Amino acid sequence: MSANEKQSKRWSVNRSLFYLLFAILYLIPITIFFIDSFKDVLHFFRRITGLTAVVSLFIAIMLTLLVKESKKLFGVYFLKIHHFFAFIGLLLISLHPVFMALDFGTTEIFIPDFSSWQTFFKNGGPLALYLIYIAVIAALLNKKITKSWKYIHALMYPAFLLGTVHGIWKGSDMGNPMLSFLYTGLIVAVFITFFYKRYQKK
Ligand code: HEM
């Protein structure tokens with residue numbers, strides 16, 4: 001086998017491993033969710049959207065560590081696969097509170113709660129959502145705000161951390177230790193990635 005063939009074989013093995021990892025990251029919360037079961041359609045959608053949105057946003061963030069390798073690894077350039085998972089995450093996390101509002105019959109849930117540190121983090125969902133929207137709008141306007149869009153887009157990091165802490169604290173499926181352990185692991189990985197990328201830049 002030529003060196004090139006060996007190289008492309010190695011990339012395709014790595015590709016399969018990454019896709020397997022992505023599948024496992026989705027399958028664990030979805031399996032636990034079905035074990036916990038649900039009482040009706042709105043109870044189903046309000047939880048499954050939160051759980052799978054966090055996984056999608058996590059993958060979109062972690063893919064920023066593979067910008068150069070993306071074409072060889074996934075067969076597409078970084079932005080394509082980054083936008084794919086970011087779009088799914090954005091759609092799911094936007095639907096999450098909508099199902100909540102329909103189920104609870106109130107839109108008050110969209111108002112961030114600053115009454116105490118505990119409620120700030122437990123009910124951190126609304127603020128995290130608005131930070132996600134600001135970060136996405138900055139990316140969409142990258143041609144207009146050329147100098148600062150990346151700094152605003154980096155709000156995705158605190159938004160992800162706050163949103164996932166809210167999910168672990170508020171989520172009815174997070175009573176399962178395996179799930180809360182996994183989502184805590186996602187927080188730690190994104191935290192390390194943030195500082196690793198700053199260090200790389202330096
Ligand atoms: C207006 C915005 C938001 C509201 C009103 C909201 C509200 C809630 C509520 C009430 C729950 C408990 C649902 C249940 O377990 O029955 C919940 C769970 C959850 N939320 Fe949010 N949230 C919002 C935004 C977010 C954001 C931005 C994220 C992540 C980036 C997020 C991630 C989660 C996760 C992972 C769960 C756990 C679901 C489960 O255990 O099944 N939420 N949210």
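The values are calculated or read from the model by the stated rules, or taken from the named source; none is laboratory data. What you are looking at is a predicted structure, and each value in this text was computed from that prediction instead of being measured. Every residue, glycine among them, receives a Cβ derived from its backbone with ideal geometry; neighbour counts consider all protein chains shown. Please note that ligands, DNA and RNA were not included when accessible areas were found on the heavy atoms of the full protein model with its side chains. Shrake-Rupley method; radii C 1.70, N 1.55, O 1.52, S 1.80 Å.
Residue check, residue 86 against (1) within 30 Å of residue 7 (Cα to Cα); (2) among the hydrophobic types (A, V, I, L, M, F, W, C); (3) within 16 Å of the ligand (Cβ to nearest atom); (4) in contact (Cβ under 8 Å) with a residue 60 or more places away in the chain, all met but one. Which one?
Status for residue 86: all satisfied but (4).
Under the condition of being open to solvent by 50 Å² or more (accessible area, probe 1.4 Å) and more than 11 Å from the ligand (Cβ to nearest atom), which residue from region 27-40 is farthest from residue 172 (Cα to Cα)?
That would be 27.
Out of 92, 131, report the one residue that is touching a residue at least 24 places away in the same chain (Cβ under 8 Å), in contact with a Leu (Cβ under 6 Å, 6 or more places away or on another chain) and not small (Gly, Ala, Ser). Break it down stepwise before answering.
Values: 92 fails: in contact with a Leu (Cβ under 6 Å, 6 or more places away or on another chain).
Within the list 92, 131, the selection yields 131.
List the residue pairs whose Cβ atoms are under 7 Å apart, where the first residue sits in region 163-183 and is acidic (Asp, Glu), the second is open to solvent by less than 40 Å² (accessible area, probe 1.4 Å) and more than 8 Å from the ligand (Cβ to nearest atom), and the two are 6 or more positions apart or on different chains.
173/32
Yes or no, residue by residue, for (1) modelled with pLDDT of 95 or more; (2) out of contact with any strand residue (DSSP E or B) (no Cβ under 6 Å at 6 or more places or on another chain); (3) surrounded by fewer than 19 Cβ atoms within 10 Å (Cβ to Cβ):
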{"site": "80", "(1), (2), (3)": "yes, yes, yes"}
{"site": "85", "(1), (2), (3)": "yes, yes, no"}
{"site": "99", "(1), (2), (3)": "yes, yes, no"}
{"site": "106", "(1), (2), (3)": "no, yes, yes"}
{"site": "129", "(1), (2), (3)": "yes, yes, no"}
{"site": "134", "(1), (2), (3)": "yes, yes, yes"}
{"site": "142", "(1), (2), (3)": "no, yes, yes"}
{"site": "151", "(1), (2), (3)": "no, yes, yes"}
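Against the condition part of a helix (DSSP H, G or I), more than 9 Å from the ligand (Cβ to nearest atom) and surrounded by fewer than 16 Cβ atoms within 10 Å (Cβ to Cβ), how does residue 64 come out, does it pass?
Working: part of a helix (DSSP H, G or I): yes; more than 9 Å from the ligand (Cβ to nearest atom): yes; surrounded by fewer than 16 Cβ atoms within 10 Å (Cβ to Cβ): yes.
Against the criterion (part of a helix (DSSP H, G or I), more than 9 Å from the ligand (Cβ to nearest atom) and surrounded by fewer than 16 Cβ atoms within 10 Å (Cβ to Cβ)), residue 64 qualifies.
Counting only residues that are of a type in the set (Ser, Thr, Tyr) and away from the ligand (no atom under 11 Å from the Cβ), which one in region 140-181 is nearest to residue 24 (Cα to Cα)?
The first filter runs over region 140-181 and keeps only residues of a type in the set (Ser, Thr, Tyr), leaving 146, 148, 151, 157, 164, 172, 180.
Of the ones still in play, those that are also away from the ligand (no atom under 11 Å from the Cβ) are 146, 148, 151, 157.
Values: 146: 37, 148: 36, 151: 31, 157: 23 Å.
Filtering region 140-181 for residues that are of a type in the set (Ser, Thr, Tyr) and away from the ligand (no atom under 11 Å from the Cβ), the one nearest to residue 24 (Cα to Cα) comes out as 157.
Check 28, 24 and return the single one that is touching a residue at least 12 places away in the same chain (Cβ under 8 Å) and of a type outside the set (D, E, K, R). Talk me through it step by step, then tell me what you get.
Details: 24 fails: touching a residue at least 12 places away in the same chain (Cβ under 8 Å).
So the residue among 28, 24 that is touching a residue at least 12 places away in the same chain (Cβ under 8 Å) and of a type outside the set (D, E, K, R) is 28.
Go through region 108-119 and report how many residues are more than 27 Å from residue 150 (Cβ to Cβ) and either touching a helix residue (DSSP H, G or I) at 6+ places or on another chain (Cβ under 8 Å) or open to solvent by less than 70 Å² (accessible area, probe 1.4 Å) (or both).
Here is the first cut: in region 108-119, the ones more than 27 Å from residue 150 (Cβ to Cβ) are 108-111, 113-119.
Subsequent filtering for residues that are either touching a helix residue (DSSP H, G or I) at 6+ places or on another chain (Cβ under 8 Å) or open to solvent by less than 70 Å² (accessible area, probe 1.4 Å) (or both) retains 109-111, 113-114, 116, 119.
Total satisfying the criteria: 7.
Only one of (1) near the ligand (Cβ under 9 Å from one of its atoms); (2) within 21 Å of residue 33 (Cβ to Cβ); (3) among the polar types (S, T, N, Q) fails for residue 123. Which number is that?
(2)
Return the residues of region 95-112 that are among the charged types (D, E, K, R) and free of Cβ contacts under 8 Å to residues at least 12 places away in the same chain; say none if nothing qualifies. Quick ask: steps written out before the conclusion?
Of region 95-112, the ones among the charged types (D, E, K, R) are 103, 108.
Of everything in region 95-112, just one residue is among the charged types (D, E, K, R) and free of Cβ contacts under 8 Å to residues at least 12 places away in the same chain, namely 108.
Would you check which residues across region 176-198 are over 14 Å from residue 64 (Cα atoms) and either open to solvent by 70 Å² or more (accessible area, probe 1.4 Å) or of a type in the set (Val, Ile, Thr) (or both) and list them? Please lay out each step first, then the result.
Going residue by residue through region 176-198, those that are over 14 Å from residue 64 (Cα atoms) are 176-188.
The answer is 177, 178, 181, 184, 187, 188.
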